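Chemist: Provided herewith is a single structure, encoded as structure tokens, for subsequent inquiry.
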Amino acid sequence: MGGGAGTRLYPLTKERAKPAVPIAGKYRLVDIPISNCLNSDFRRIYVLTQFNSVSLHRHIHQTYRFDRFAGGFVEVLAAQQTPGNMEWYQGTADAVRQNLRYFLQEQYDYIIILSGDQLYRLDFRRVLQQHIATEADITVTVIPVQRNEAKSLGILQLDADKRIVRFVEKPQAARMLDKLRMPDKLRAHLQMKTGEEQFLASMGIYIFNREVLQKALVNNETDFGKHIIPNAIDSCRVYGYIFEGYWQDVGTIRSFFDANIKLCASKPSFNFFDRSYPIYTHARFLPASKIVDSRIRNSLIAEGCIILKSRIEKSIVGVRSFISNDCTLSETIIMGCDFYQAHHEAHEPIPMDIPHMSIGRGCKIQRAIIDKNAHIGDDVIITDKTGAPDFDGPNYCIRDGIVVIPRNAVVPAGTRI
């Protein structure tokens, strides 16, 4: 599911779809669910798109290609007007409904529905095995969360057989949350600490039997989490698969920023270096990064970068980034560039005296996101805005205390933010 407008990730979604937002210096968000499918040997994949989808389509077509004998595909299904329906997608369920005829062209027994903006690693074959073993009509993957997280997620109750008996979307009242707490018996089964208060939240990952999905969509309901799943609990066998690994919804600027910065830890919760379960992305033919007389700590540096005499700590430097002399970066995400800027002289290896993309001389940047192809002039200072209200400036935004420099923005030399 990649059709949402992604308003909570603005301005990163100003010119691109949410699943196309870069992550970890060289990947796109959509690479996570597609890689999970490929590593689970699920190779018939549709990506449903709608808003700002050009770059997402380009990335998918450039990245995921199967040979003609493999029997797999990653195919884009863009929102379209038809004689039977002239409207855009009205929600997750409506998006599937409008494309159901494509899913039913072949004799699939099961259909799995995934979100395009989550960071996790999961073998879907295990979920499918439980789905078959319990003779479920629908299986929802769930994850234990704390009370403060439960208010922004769909919370479920499971019986002793893991069958879902109740579903409440984003419960706010304390009394309701008290009723939805995981029982002690289930916490003991999961080997959780005694007295630890936990709730089970939907991860937005669903497995449907083919016929069940068809029947569930014979209505005007628009969303799986708000409508389809709660309505199915009384009439269908709906079970929960309890996932105990790392999972993070990166649908807001703060959650996206935090998830990226945590990747810089020596032992991050999500490991891109797992050779047995790789994350795939577009193959680029770039030179190794050049780092000159710099100090770099706990950071990720993608390929094709040039870094000159600077200090970088707990930061991510995306592909083709250029960082000039005497810069200090802390907890900063630089998404990099789509291309190298042309030089005045062919023999000049590094553009030192012309406008450039990425970071100019003497910049000091703390807790910021620099989107692709941005130009930060010399001696620009961007400070931590934790606690500051959201704000839209002429060439920057503040969201959740994070300064975001939009794609292609130009920040003049000497600017203070």
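Laboratory data are not the source of any read-out in this text; all were calculated from the coordinates shown. Just so you know, these numbers come straight off a predicted model, no measurement behind them. Please note: Cβ atoms are built from the backbone with ideal geometry, for glycine as well, and neighbour counts cover all protein chains shown.
Chemist: Provide the net charge surrounding LEU329, with neighbours chosen by a C-beta distance below 12 Å and charges set as Lys +1, Arg +1, Asp -1, Glu -1. Provide the component values of the computation, followed by the final result.
Modeler: Details: positive: ARG295, ARG297, ARG311, LYS314, LYS364, ARG367; negative: GLU313, ASP326, GLU331.
That works out to +3.
Chemist: Given charges of +1 on the Cβ of Lys and Arg and -1 on the Cβ of Asp and Glu, with all other atoms neutral, how large is the dipole of the chain about its Cα centre, in debye to the nearest 20?
Modeler: Details: 52 positive and 45 negative charges, 103 e Å.
I would put it at about 500 debye.
Chemist: Using the alpha-carbon atoms, what tilt in degrees (0 to 90, nearest 10) does helix 54-63 show relative to the longest principal axis of the chain?
Modeler: The angle comes out near 90 degrees.
Chemist: Could you work out the relative contact order of the chain? I mean the mean sequence separation of Cα pairs under 8 Å and 6+ apart, divided by the number of residues, in percent. Kindly include the intermediate steps, with their values, before the conclusion.
Modeler: Details: 890 pairs, mean separation 57.0, N = 417.
Rounded, it is 14 percent for the chain.
Chemist: In addition: Please give the Cα centre distance for the range 387-417 versus the range 197-274, rounded to the nearest Å.
Modeler: About 32 Å separates the Cα centre of the range 387-417 from the one of the range 197-274.
Chemist: On to the next question. If you put +1 on each Lys and Arg Cβ and -1 on each Asp and Glu Cβ, how big is the dipole of the range 290-411 around its Cα centre, in Debye rounded to 20? Before the final figure, lay out the partial values.
Modeler: On the way: 14 positive and 16 negative charges, 72 e Å.
Computed charge dipole of the range 290-411: roughly 340 debye.
Chemist: Order of MET335, MET176 from fewest to most other C-beta atoms within 10 Å?
Modeler: MET176, MET335
Chemist: Another question, then. So if we plug the beta-carbon distance of GLU211 and THR134 into 1/(1 + (r/R0)^6) with R0 = 25 Å, what FRET efficiency do we get, rounded to 0.05? Each step should come with its number before you reach the end.
Modeler: On the way: r = 17 Å, r/R0 = 0.68.
Efficiency computed from Cβ-Cβ geometry: 0.90.
Chemist: Taking Cα centroids, how far is the range 4-77 from the range 135-164 in Å?
Modeler: Using only Cα atoms to place each centre, the spacing works out to 27 Å.
Chemist: Report the charge-dipole magnitude of the range 129-227 in Debye, nearest 20, computed about the Cα centre from +1 at each Lys and Arg Cβ and -1 at each Asp and Glu Cβ. Write out the running numbers ahead of the final one.
Modeler: On the way: 15 positive and 13 negative charges, 56 e Å.
Dipole magnitude for the range 129-227 comes out near 280 debye.
Chemist: Which order do peptides 17-25, 205-213 fall in by mean Cβ count within 10 Å, highest first?
Modeler: Ranking the peptides 17-25, 205-213 by packing returns 17-25, 205-213.
Chemist: Filter the cross-link list LYS151/LYS179; LYS14/LYS372; LYS267/LYS314; LYS267/LYS372; LYS14/LYS364 down to pairs whose alpha-carbon distance in this structure exceeds 18 Å. Display every interim value, and only then the final one.
Modeler: Numbers: LYS151/LYS179 13 Å; LYS14/LYS372 12 Å; LYS267/LYS314 13 Å; LYS267/LYS372 27 Å; LYS14/LYS364 26 Å.
As for pairs spanning more than 18 Å Cα to Cα, those are LYS267/LYS372; LYS14/LYS364.
Chemist: Which angle between 0 and 90 degrees, to the nearest 10, do you get for helix 124-133 versus the longest principal axis of the chain when only C-alpha atoms count?
Modeler: Helix 124-133 and the main axis of the chain meet at about 10 degrees.
Chemist: Against the 2.2 N^0.38 Å scaling, with N counting residues, where does the range 290-411 land? I'd like the Cα-based Rg ratio to two decimal places.
Modeler: Values: Rg = 13.7 Å, N = 122, 2.2 N^0.38 = 13.7 Å.
After normalising by residue count via 2.2 N^0.38 Å, the value is 1.00.
Chemist: Let me ask something else. Quick one: length gained pulling VAL218 to GLU106 fully straight, 0.36 nm per residue minus the C-alpha distance? Spell out each step's value before the answer.
Modeler: Values: separation 112, 0.36 × 112 = 40.32 nm, distance 1.98 nm.
That pair, VAL218 and GLU106, stretches by 38.3 nm at full extension.
Chemist: Express in % the proportion of alpha carbon pairs of the chain at distances exceeding 42 Å. Intermediate results must be reported in sequence, preceding the final value.
Modeler: Working: 16404 of 86736 pairs.
Cα-Cα pairs of the chain separated by over 42 Å account for 19 percent.
Chemist: What percent antiparallel are the DSSP beta bridges of the chain, to the nearest 5?
Modeler: Values: 30 of 74 bridges.
Roughly 40 percent of the beta bridges in the chain run antiparallel, per DSSP.
Chemist: Any idea how far apart ALA288 and ARG311 come out in nm if each label point goes 7 Å out from Cα toward Cβ?
Modeler: Once both label points are built, they end up 2.7 nm from each other.
Chemist: Given Cα positions, please report Rg to Rh for the range 74-147, the hydrodynamic radius being the Kirkwood one.
Modeler: Reported Rg/Rh (Cα atoms, Kirkwood Rh): 1.02.
Chemist: List TRP88, TRP247 from most exposed to least, where exposure is judged by having the fewest other Cβ atoms within 10 Å.
Modeler: On the way: TRP88 14, TRP247 20.
Listed from fewest to most nearby Cβ atoms, that is TRP88, TRP247.
Chemist: What percent do you get for the relative contact order of the range 97-234 when only Cα pairs under 8 Å and 6+ apart count? Walk me through the intermediate numbers first.
Modeler: On the way: 162 pairs, mean separation 47.5, N = 138.
Across the range 97-234, relative contact order equals 34 percent.
Chemist: So how tilted is helix 253-262 from the main axis of the chain? Cα-based, degrees 0 to 90, rounded to 10.
Modeler: Here the helix axis deviates by roughly 80 degrees.
Chemist: What does a probe at TYR340 reach in the range 288-315, counting residues whose amide N is under 18 Å from the point 7 Å along Cα→Cβ?
Modeler: 288-292, 302-308
Chemist: A further question follows. Which percentage, to the nearest 5, of the DSSP beta bridges contained in the range 290-411 is antiparallel? Spell out each step's value before the answer.
Modeler: Details: 5 of 36 bridges.
In the range 290-411, approximately 15 percent of DSSP beta bridges are antiparallel ones.
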